[in-house]
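Enquirer: Here you go, one structure.
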Amino acid sequence: MDKTWITKPKNSREYLDGVEKFLNFAFENGSINGMIRCPCRTCYNNNYYTREVVLEHLLWYGFPQGYTNWICHGEIGLSSSNPICFEDYPPNLHNRNDIMQCSTEDGMRSLIQDALEQTFGESSVPSESTSTYNTLLQECEQPLYPGCEKFSKISFLVQLYHIKCLNGWTTKSFSMLLQLLKDAFPNESSLPSSSYEAKKLIKDLGLSYEKIHACPNDCMLYWGEKKDDISCYICKSSRWISSENKNDTSEAIDVSRKYKKPAKVLRYFPVIPRLKRLYMSYKTASSMRWHATDRKDDGILRHPADGYAWKSFDERYPDFASDSRNVRLGLATDGFNPFGIMSTTYSMWPVVLIPYNLPPWMCMKQSSFILSMLIPGEKGPGNDIDVFLQPLIVELKQLWVGVDAFDCSFKQNFQLRGALLWTINDFPAYASLSGWSTKGRLACPCCGKSTNSRWLKNGGKFCYMGHRRWLDPNHSYRFQKYQFDGMNELDISPISPSGSDVLAQTEHIVCHYGKASKFYKKRLREEIQEIDQGVNNDVPEHDNCKQELEFMPHNEECKAWKKRSIFFELPYWKFNLLRHNLDVMHIEKNVCDNFITTFLNIDGKTKDNLKARLDLQDMGIRHHLHPQKQPSGRFILPHACYTMLANEKCIFLKMLKELKVPDGYLSFKFSRGVNLKEKKIINLKSHDYHILMQDLLPLVVRASMKKQKEVVAIVSEISSFFKALCSKSLDPRELDQLESRVALALCHMEKGLSSEFFDYYGSFNNPS
């Protein structure tokens, strides 16, 4: 019988016909009670199944190439010219009984074969270290201790190491546990006795990372040509920490030490090997082509591939779009405190990549995220994040050109390419990544110089209103100046700048990276002031200052740019339509928190206070809310429709406190965060705000503020907008209506709420 079909791709006609012939032969000669042993790469003839199940396994997991003599399925007689090949079976099995008893319950062998090497013949094998591969396969077959059938050495170690990472065990505690288990197991146990030995084995699985030293002031990385430097070429800070004097910046610091502790370490996880690994697994290789093969193209937005930004990129780069295996990536980053809610102030920034080739139910799972780096603290990188992104940008450039990869589903090598489409982050991180300052008069990066801002004299901050610009030119709200900010609105909605516009605006910007550069900038301003006053104009050391003065931006829009983003080093970045995106969960949290704190009039957080009322008085609007000064000098604030009375607060909080919802709908601590005594809500998670904003807040506001119909309408409109925006599918024809609805809702908010409600542009203030 011809068995060459075993080496054919699983989706080929030869393979499908061969599987049918095998099943017919096996059920005629080796079936027991209508079942046969399943020979797939997962079962290895260990389990009995019906014909339908075996067929499914062979089509999904594949037929082992080493199983060419079907001795477990009724084939008898082995010729010496065609012996059994044990290539796909554990190397210590040498007879039929061993094959029949072969068990791979932990799946580690299949995992390593997918991750490191596929046995498809010498001409198609991807270039990986065969010695490491063979060693790992041997470790997979080595039992944890003699007689252990459930765990091999490596499967037990991987699971134990996973628990260590999930629970934040220290290296010392992990070593102590390994030593205890080593003593508890029989003497012949193969378990490592220390964390160091365990890490050496884990690294061979491709779970290693690069440690790149960084300047403690975030000026530079000791990487590339500067990897052997011992001090920062900008601020002269030492690369190492001195145990005697941590503040010493001498270049010759602690030279006598055999081991020097770096001042700051960037942990970088190379991206290209993990993208290759996606195509070396049967389960993910085909899913990476889902956007081109299985996506329903009916004009409805369900996946980034349905959007105009994706399609525009494909039209500009047809050679990239011609191969559906080329990877589209998104980048997300934000700061967090790795020490939890302790009083320690520390901000670490993970940078995560999301492969959008996968279907929606896979690409947004945590298991699909690719951690590319961990930027250390103690302070956030801020504008200096570009310093840490350098290794990633180099890899992204390399991906754009192409790297050799192996596709397990087609059993062939191919040229893998990748492109970064956009970033996703909150508003402060938007400033760090884009270079646009999201503070001050021109806080909106989409509006640019057309940002509508107003300085609140009493509040000491800017507020951002002007939402009437997005209404129809003849809308009545445009001319109701006393209902809004005291001025008629005649402007139209601004147009967001393109990538080419950003390049032109940042052409002459000189950026000095590093926290130490703040002192340099202060000194530069002092020298510029001396030049303007005619002092020291002839001093030679002022020549550089004059040159930098010439390159300083002179128009107000260019002053909002702090740098040209490092992403513009990517050859395609300026043509991306959506370069930076705001995370809707952060926006929902900000808006919902502003609603709740204002409704409950929580001291220190409410947007309706004496300063806000004085600002209304200065603007000459809403006279019924102006503060009333008493003879004693104190002010009385008239009651506003958007603040609850005492009985309304009780109804509002009691409904949330006694709310009964299905498990997982809200966090288990939600009811604990509702404080009836102090009449406030604390310690809610972002998911809680998400549910509150979309589902619960309109209901409890309607029940507690029955007479305030305007406030109820505002909350319902905003809630409806977020619910539509976060739906699993969107009709592009409805997006224009949705934009008009939210513009009108924002005007209602501006008309009915305090001006301080709009003090943060990132909360929710640009309908576009």
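Enquirer: Which residue, of D695, D663, D615, is surrounded by 17 or more Cβ atoms within 10 Å (Cβ to Cβ) and in the same structural domain as S720 (by TED's automatic domain parsing)?
Expert: None of the other options fit; the residue is D615.
Enquirer: Scan the stretch 636-652 and give yes if some residue there is among the charged types (D, E, K, R) and surrounded by fewer than 15 Cβ atoms within 10 Å (Cβ to Cβ), otherwise no.
Expert: For the stretch 636-652, residues among the charged types (D, E, K, R) and surrounded by fewer than 15 Cβ atoms within 10 Å (Cβ to Cβ): absent.
Enquirer: Output the residues belonging to the stretch 310-337 that are surrounded by 16 or more Cβ atoms within 10 Å (Cβ to Cβ) and closer than 18 Å to L582 by Cα.
Expert: W310, L329, G330, L331, A332, T333, D334, G335
Enquirer: Going through D472, D501 one at a time, which residue ends up being without any contact (Cβ under 8 Å) to a residue 40 or more places away in the chain, loosely packed, with under 15 Cβ neighbours inside 10 Å and in the same structural domain as R441 (by TED's automatic domain parsing)?
Expert: Only one candidate passes the filter, namely D501.
Enquirer: Then there is this: Against the condition in the same structural domain as N647 (by TED's automatic domain parsing), of a type in the set (S, T, N, Q) and either over 24 Å from K751 (Cα atoms) or in contact with a Lys or Arg (Cβ under 6 Å, 6 or more places away or on another chain) (or both), how does S727 come out, does it pass?
Expert: When the stated conditions are applied, S727 passes them.
Enquirer: Restricting to the stretch 46-101, count the residues that are at pLDDT 65 or above, under 44 Å from the mean Cα position of the chain (by Cα) and of a type in the set (D, E).
Expert: Summing the residues that are at pLDDT 65 or above, under 44 Å from the mean Cα position of the chain (by Cα) and of a type in the set (D, E) in the stretch 46-101 gives 2.
Enquirer: Turning to a different aspect of this structure: I'd like the full set of residues that are out of contact with any helix residue (DSSP H, G or I) (no Cβ under 6 Å at 6 or more places or on another chain) and either assigned to a loop (DSSP other than H, G, I, E, B) or surrounded by fewer than 21 Cβ atoms within 10 Å (Cβ to Cβ) (or both), limited to the stretch 704-721.
Expert: K706, K707, Q708, K709, A713, S720
The values are calculated or read from the model by the stated rules, or taken from the named source; none is laboratory data. If you're wondering where the values come from, they're calculated on a predicted model, not measured in any experiment. Note that we place each Cβ from the backbone using ideal geometry, even for glycine, and neighbour counts take in every protein chain shown.
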